[in-house]
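The values are calculated or read from the model by the stated rules, or taken from the named source; none is laboratory data. From a predicted model like this one, the values you see are computed outputs, not experimental measurements. Neighbour counts run over all protein chains shown; Cβ positions are idealised from the backbone, glycine included. Ligands, DNA and RNA are excluded from the accessible area calculation, which covers all protein heavy atoms including side chains. Shrake-Rupley method; radii C 1.70, N 1.55, O 1.52, S 1.80 Å.
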Amino acid sequence: MSSLPAPAPAPVLPWRTGLAYGGLAAPLAFVSLPLYVNLPYHYASVAGAPLAGLGAVLLATRALDAVVDPAIGRQADRLLRQGVRPAWQAAALGSLLMALGFGALWHPPRGSEAAMLGWLACSLLVCTLAYSFVTILHQAWGTRWGGQPAWRARVTAWREGATLAGVLLASVLPAVMGLDATSAVLALGLALGLMGLYRLRAPVAPVSPVFPVPRMPQPASPASSTSPWADAGFRRLLAIFMLNGVAAAIPATLLPFFVADRLQAPALQPLLLLCFFGAAALGLPLWVRAVSRWGLAPSWRAGMVASVLAFGFTPWLGAGDAMAFAVICLASGLALGADLALPGALLTGVIHESGEGGRGEGRYLGWWTCATKLNLALAAGLALPLLSAAGYRSGGTDPDGLQALAWAYGGLPCLLKLAAALLLWRAERLHSSWSHT
């Protein structure tokens, strides 16, 4: 009596390969935090820029940065089709421009307000556009590996683990060593990350993925004009990603208000962030291991549910409950590891299952990155007006306003997370490969 052969075990990603690929994500994450946290304060309080003009420049540059991401993705595809050397050279040039723009940001001219804001707009555009280009190219480089779900989760985990390391370093270095030293560390990190990427050859040549579905014949041309929006799997995954992303971005937007006004412990904010992101880094290997047992989509759903269970107690916290909130930060940080490692691995599968592996990753990742940036904008646009309408004012002591803050910070994200988990459960029924181990 014959029996089916046992499936081949998933290949193991060597740690040197994972580190060589993921290392560039650390300085890329290192860039983003000062741009969102330190930059507005520096120009408003140190350089003396007018708030209205500062807000207009930041809004315009960030909006432009988001809308050009799909075009950047198409350019990344063209570079990767040409081979390792052109792609790496483009990443090196983008990194150089990023480092120069980042360093220039902290030294505006001492003149008119118009000159100061013009310097901000130009240097910020150079920095953010170069950041977007290198980020999308780096993600597309790793996505071309394809592979089984456990392999894809490991590749994404190395990248996101390095991202967490960069975020943790960027959260303390500007305050400890200053912005000029931060710029120098960024340049060094980019150089080391590029050295690791240069050692890799395989990611540009896609690995044959393992999918339980037939592959359709592909056109002879190495390029593809098919839009990612024609892919139903991508549309469903992006909708889940955005809904879940807004659920994560709302607490990120409201954290300073919640800690200062509801918990009345603003001095503990750095410690709470360290608990949250440190737990996320520790949780990444656990979620990668879960994929081998349950599959990508079920593991991600489990992470969403775990996040709701951990974060659901937040609306009942008040003044003096900072230590209880630290425990919640640890628990929800562990759950965050699923959000970091698994959506990108699912996206890699969607790209390769659609037949676009090896030629269309950049176009998918351009829209994916654009959605990531829109999540932050949607979070601010949704939460802040709701809080204002509910009577909350920053620094206020009105009990109704503070309760509205607590529910916006801890209750609304839980509802959005549960909605995202429900959409993911439904999508699994339509895309069975999402659940395979």
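The table below gives the values:
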| item | result |
| --- | --- |
| Test: residue 226 is closer than 30 Å to residue 175 by Cα and polar (S, T, N, Q) | no |
| Helices (runs of 4 or more DSSP H) lying entirely in region 293-395 (those with 3 or more residues that are at pLDDT below 90 and not charged (D, E, K, R)) | 322-353, 361-389 |
| Conditions (1) in contact (Cβ under 8 Å) with a residue 40 or more places away in the chain; (2) crowded, with 16+ Cβ neighbours inside 10 Å; (3) under 18 Å from the mean Cα position of the chain (by Cα): number failed by residue 282 | (2) |
| Leading residue by the ranking (farthest from residue 236 (Cα to Cα)) among those in region 409-424 that are among the small types (Gly, Ala, Ser), open to solvent by less than 20 Å² (accessible area, probe 1.4 Å) and within 22 Å of the chain's Cα centre (by Cα) | 410 |
| Subset of region 165-198 that is modelled with pLDDT under 85 and open to solvent by less than 20 Å² (accessible area, probe 1.4 Å) - its residue that is nearest to the chain's Cα centre (by Cα) | 170 |
| Residues being over 14 Å from residue 167 (Cβ atoms) and open to solvent by 30 Å² or more (accessible area, probe 1.4 Å) - total across region 242-259 | 5 |
| Filter result for the condition that a residue is basic (Lys, Arg) and surrounded by fewer than 22 Cβ atoms within 10 Å (Cβ to Cβ), over 235, 262 | 235 |
| Selection count, region 391-406, where residues are surrounded by fewer than 18 Cβ atoms within 10 Å (Cβ to Cβ) and closer than 22 Å to residue 308 by Cβ | 1 |
| Hey, residue 360 open to solvent by less than 10 Å² (accessible area, probe 1.4 Å) and over 27 Å from residue 257 (Cβ atoms) or not | yes |
